1. Once you charge only the Cβ atoms, +1 for Lys and Arg and -1 for Asp and Glu, what is the size of the charge dipole of the chain about its Cα centre, to the nearest 20 debye?
2. Determine the shape class of the range 224-371: with a ≥ b ≥ c the square roots of the Cα gyration tensor eigenvalues, call it rounded for a/c under 1.5, and otherwise prolate if a/b is greater than b/c, oblate otherwise.
3. May I ask what percent, to the nearest 5, of DSSP beta bridges between residues of the chain are antiparallel?
4. Strictly over 24 Å apart at the Cα level, which of Lys193/Lys358; Lys167/Lys358; Lys174/Lys260 would you flag in this model?
5. Name the residues whose placed amide hydrogens come within less than 5 Å of the amide hydrogen of Ser274, ignoring near sequence neighbours (fewer than 5 apart) on the same chain.
6. What's the extension gain from Glu48 to Glu265 if we count 0.36 nm per residue and subtract their Cα-Cα distance?
7. Quick one: order Arg79, Arg135 from most to least accessible surface, probe 1.4 Å.
8. Could you compute the FRET efficiency for Ala207 and Ala87, with r as their C-beta to C-beta distance and R0 at 41 Å, rounded to 0.05?
Amino acid sequence: MKKFLALLLAAMMVMSCVSFAFAADVVPGKGMEDVDPALLAEAQEEGELVVYGSCEEPYLIAACKHFEETYGIKVQYQRLSTGEVQAKIAEEKGNPSADVWFGGTNDPYNVAAKDGLLMAYEATNAKHLLKDTFRDPEGYWYGIYQGILGFMVNTEELARLNLPEPKTWDDLLKPEYKGLIWLSNPNTAGTAKLVVNTMVQMKGHDAAMDYFVALDKNVAQYTKSGSGPSKKVGIGECVIAIGFLHDGVYQILQGYDNIKLIIPEDGTSYEIGSTAIFEGCEHPAAAKLWIEYALSPECVELADDAGSYQFLVIDNAETPAALQAFPELDPSKTIDYDFADAKANTQQYVADYFEALKNAGQEANDRFKTE
């Protein structure tokens, strides 16, 4: 028995040495030099990480695979819309089935933070963020990219219909655009939640609800995902898409030269694509290492090759080269978005949105896709 215990102890010591030696042998990626080596060792000891991603799937896959290959931590991942993640972790409160959330617009993150579903963490690499607004003050989420809200239009279809391109949000209400507009579903997509918040902040609450009732008369489809409308513009199924303009950049670079990107002249807002740790997660050290990684050039620069062309929010990484061909996409052409109001009221505004449609006899129907 003593011999067995001695052998067991020796084996445990060897395993411990291997684990910490492996941590020491890892070459930190670009921008990861200041991360605590003890965190890396602890994360590798946990050995696993589960990621829910709300960015586009190619970028999610690239980020997860690179993390796994670099740090020797097994990564499982699933692509879900921000609304799906928010609903899922709300049901699992205190016992989440994933460790971290990666990508997708910020408003659902703020709601999750308010509801106690995210874990605060003060990230070392947060020092590279360009603005204080690109993070939660208490460390519940961190920005990893920025996207501009606007319109994507099919120029061929507009010419065929002898219609001008919309230049403002109010232009979208013109009767000649009936059945030509696509938007995402505010119940499932963070993009649509941002549209709701943007109109409330630009027009005031009641006027915004009136606006959405009028806009609904022209909307042919509400997609589950925020990027859904952009994918139908080039083929002409959708003539006017409301969404993030970097999704339009991707479609143009796929060969759809009939797409034009429009920043509304009456103002627009922007998303902060974010990342966060779920409260009560199973692998907290690996989750913290992920946050540091997500805030580093070695992660965000993967987006370019993965077809995600958002503006970056850290000072030590290079903006995707593809954006250089679109100088009109200037992130400074946006309103002073009130993140505090969005954090406090997004859920109520979305509820008010659907109530306004219902009161107008235009309640949710089969145009609102959830799958």
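The values are calculated or read from the model by the stated rules, or taken from the named source; none is laboratory data. Keep in mind that this is a model prediction, so the values were computed, not measured. Note that we place each Cβ from the backbone using ideal geometry, even for glycine, and neighbour counts take in every protein chain shown. For the accessible areas, the whole protein counts, side chains as well, though only heavy atoms, and no ligand, DNA or RNA atoms are used. Shrake-Rupley method; radii C 1.70, N 1.55, O 1.52, S 1.80 Å.
1. 660 debye
2. Oblate, because a/c is 1.5 or more while a/b does not exceed b/c.
3. Taking every DSSP beta bridge within the chain, about 60 percent pair in antiparallel fashion.
4. Lys167/Lys358
5. Under 5 Å from the amide H of Ser274: Gly103, Gly104, Ile144.
6. Computed gain between Glu48 and Glu265 is 73.4 nm.
7. Arg79, Arg135
8. Calculated value: 0.90.
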